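Chemist: I'd like to ask you about the structure that follows.
The values are calculated or read from the model by the stated rules, or taken from the named source; none is laboratory data. Here the structure is a predicted model, which is why all the values come from computation and not from measurement. So basically every Cβ, Gly included, is an ideal-geometry build from the backbone, and we count neighbours across all protein chains shown.
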Amino acid sequence: MIKNTDSDARNYKAVYFISDLHLGIGPKDEDTRREDLLCKFLSTIEAGACLVIVGDLFDYWFEFRQVYQKGFFRTHSALYDLHKKGVKVHYLIGNHDFFHRDFFESELGINLIEDSLTMETGSKKIFAAHGDGYVKNDRGYKVLKAVLRNKVVQFFYGLLHPDFGLWLARSTSKGSRHYTDRKDYGRVDGLVAIANEKIDEGYDFVIFGHSHNRKFEKYKKGHYINLGSWFQQPCYGVLINDEFEILDIN
């Protein structure tokens, strides 16, 4: 995990955002279709642009010291092709895909970020984060996140046999997804409230994932954006010439 501020953002031709694909969730045919759409979309991004993955690219990810899980070769290859093409890729780790080591950085040239990313492109200031742990009244998840992100816990988890470790990660991921989908955060969407606070701090676009609730809401001079999930509708966000839009992928 290297940097959470991109000082080169003013030089990008465009900045793209994707979130909550949950690759690996199955059934296999649906998972393959989502990966087909992803790889096709990634191939359209031109050199000089930037891609921000706003968490939960995978439904579960655990990377052992000498082993990483199979099943996503095409995604890895497409991301590597972006790096070689000259596209900057930031990966904001979500609550489903946080057991990373150095594979994405050393092999794919991707900047891994554990919390948030700030960027200034054109005249706009951007704050992006997956969104897990940001809602003030979600104390239970904040405790769980602190445990699961603990490096000592991850070290001992890494001593498990990969087959068992990935089975356990898959089982835990299913429970976490049900918790996220069913969680009642109260009358006011907590991520909207946090986004409004960030806009009050001077950000023009605040981008979250996690809740799977697609939103594009104006607040004062800024906007809160949530890209929903690829279960509902595969899509991407793009910022070009200070204008942001969400485009569906079919």
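Chemist: For the stretch 201-250, what are the residues that are hydroxyl-bearing (Ser, Thr, Tyr) and under 22 Å from Asp56 (Cα atoms)?
Modeler: Of the residues in the stretch 201-250, the ones hydroxyl-bearing (Ser, Thr, Tyr) are 203, 211, 219, 224, 229, 236.
Once the filter is applied, which keeps residues that are hydroxyl-bearing (Ser, Thr, Tyr) and under 22 Å from Asp56 (Cα atoms), the stretch 201-250 yields Ser211, Tyr224, Ser229, Tyr236.
Chemist: While we're looking at this one, here's another question. For Val206, indicate whether it is at pLDDT below 95 and of a type in the set (A, V, I, L, M).
Modeler: Taking the combined requirement at face value, the residue does not satisfy it.
Quick grid of which residues meet (1) polar (S, T, N, Q); (2) farther than 27 Å from Thr5 by Cβ; (3) over 15 Å from the mean Cα position of the chain (by Cα):
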| position | (1), (2), (3) |
| --- | --- |
| His22 | no, yes, no |
| Ile25 | no, yes, yes |
| Arg34 | no, yes, yes |
| Gly48 | no, no, yes |
| Leu57 | no, no, no |
| Trp61 | no, no, no |
| Thr75 | yes, no, no |
| Tyr80 | no, no, yes |
| Lys85 | no, no, yes |
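Chemist: Tell me which of these Gly86 doesn't satisfy, since it passes every other one: (1) within 27 Å of Asp242 (Cα to Cα); (2) surrounded by 13 or more Cβ atoms within 10 Å (Cβ to Cβ); (3) not aliphatic (A, V, I, L, M).
Modeler: For Gly86, the failing item is (2).
Chemist: Take the residues of the stretch 191-250 that are acidic (Asp, Glu) and in a strand (DSSP E or B): which is surrounded by the most Cβ atoms within 10 Å (Cβ to Cβ)? Before the answer, list the steps.
Modeler: Pass one, the stretch 191-250, residues acidic (Asp, Glu): 197, 200-201, 204, 217, 242-243, 245, 248.
Within this subset, residues satisfying the condition of being in a strand (DSSP E or B) are 217, 243, 245, 248.
On the way: Glu217: 14, Glu243: 9, Glu245: 11, Asp248: 8.
Once the filter is applied, the top-ranked residue is Glu217.
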